[in-house]
1. Give the residue that is surrounded by the most Cβ atoms within 10 Å (Cβ to Cβ), with candidates limited to residues of the stretch 388-401 that are in a loop (DSSP other than H, G, I, E, B) and within 20 Å of the chain's Cα centre (by Cα).
2. Might you let me know whether the stretch 355-369 holds any residue that is more than 23 Å from residue 32 (Cα to Cα) and either modelled with pLDDT under 95 or of a type in the set (Gly, Ala, Ser) (or both)?
3. Can we say residue 222 is surrounded by fewer than 18 Cβ atoms within 10 Å (Cβ to Cβ) and within 16 Å of the ligand (Cβ to nearest atom)?
4. Within the stretch 245-287, how many residues are closer than 18 Å to residue 197 by Cβ and either over 22 Å from the mean Cα position of the chain (by Cα) or not assigned by TED's automatic domain parsing to the domain that holds residue 318 (or both)?
5. Determine whether residue 333 is at pLDDT below 95 and assigned by TED's automatic domain parsing to the domain that holds residue 124.
6. Taking the options 364, 343, 338, 404, name whichever one is assigned to a helix (DSSP H, G or I) and closer than 20 Å to residue 304 by Cα.
7. Which one of the conditions (1) under 19 Å from residue 37 (Cβ atoms); (2) assigned to a loop (DSSP other than H, G, I, E, B) does residue 385 fail to meet, given that it meets all the rest?
8. Quick one: how many residues across the stretch 129-149 are within 15 Å of the ligand (Cβ to nearest atom) and under 25 Å from residue 434 (Cβ atoms)?
Amino acid sequence: MTNKADLILHNAKYVVVVDEKASVLRNISIIIKDQKIIDILEVAKESNWQTEKYIDCSNHLVMPGLINTHTHTPMTMLRGVAEDVDLQGFLEKVWAEEARIMDERGTYLGARLGALEALLGGTTCTLDMYLHPHMAHKGAVEVGLRHAIGPVFFDFAGPDNLEWNKRIEYLKKWPEVIKQIGGAYAPLVIQPHSTYTVSPEHLAEIAKISQELGAIFNTHVSENQSENDEVLSRYSKTPTKLLADANALENTVFAHAVKLTDDDLEIVKSNEVSLSHCPGSNLKLASGAFDWVRARNKGVNVSLGTDGCSSSNDLDMWSVMRSAANLARLVTNDAAAVPVAEVVRAATYNGAKALGMQDRIGSVEIGKEADLIVLDLDAPHLVPVGDPHGLLVYAAGRSDVVHVLVAGDPVIVDRIPTKVDANQIMTQVREHIGN
Ligand SMILES: [Zn+2]
């Protein structure tokens, strides 16, 4: 008897599974139906399945899509506006440019450009943060990205000119907005910008709403020493302690977390906070070196992020993997500090875990939604393969990604987006910015 599949990835030369054993399978077919991976089998047994869509992967590597757990996708519009400045200098320049171009349309166009860049480079899911999140979400979902985002909070009106009460009203409508936009499932998210832009009282108020909604609570924390100094001088607490005292550590993801004290890390561990490590941005802004090994040894979930294009210039998770691996080795003076398989896991499964989606995405296993990427191994820099995890961290890059599936939907095929016109997106962005 033959069964009908929606899509078969036929005869993958390698499948990097990202399970606990860091398994790598050889010559395997992956059967996809109703958005999910429903079978993973030897090629000889594939004949039990029929399909009209069939992708030959005989010289390819299949792995879970990369998950970028800290970015500001629409800030692709601000690529290159703030060079050679630290975080505080960066914020000054960026906030001025945001006021000029990042209205609702700018946000929408930037999200489309960013989602396209992300998907073409093998990132299938992002934890995003930006103003006008309904426009960012609409733009990203239209391109096919699995996109987690939510209302952003500042005490002041901000470039989107919303007073606090308006932000709360906006938040109340958010679940309905998400439902209407559709797209691949992503959790609700609530996003105070930071402890230096949102007061403890306001943090407590929105944390309570976040918990009622079962949302992910996501904020920038201890990105550099100046931030810590500012928060300490204002409240006599570290940002982490301040969030703990505001009861804001349920389903929480900290972006950056470069300057956590030992006490902070204890709080992070006991509240199961996930840390999104952004080495590209932290290195470029000279924010400091996040100590991945210290956090990992404590049992904290560490995922990876690019940060926005204004601080890291691109949305390249391959470069993030490589920087993160090298930085951990440099900081600890230990070449085995974070093994290559753990780096790949941080960029996939750990990201899913940060978003509460580890049972849904983040590995190539039966029952999971098919967020998968296919890399063409027919490139000089990928021959020979050697250790497949090492290949992914230290040799592969965005241009090796040929096909991308999100929830079983082929959103990139042969390096071409299937839902949008890439040239149109680039033209519209250039026109909006005026360059
Ligand atoms: Zn950020």
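The values are calculated or read from the model by the stated rules, or taken from the named source; none is laboratory data. Treat the numbers as computed from the prediction; the structure is a model and nothing was measured. Note that each Cβ is placed from the backbone with ideal geometry, even for glycine, and that neighbours are counted across all protein chains shown.
1. The residue in question is 396.
2. The answer is no; no qualifying residue exists.
3. no
4. Residues that pass the stated criteria total 2.
5. No.
6. That would be 343, the only listed residue that is assigned to a helix (DSSP H, G or I) and closer than 20 Å to residue 304 by Cα.
7. Exception for residue 385: condition (1).
8. 4
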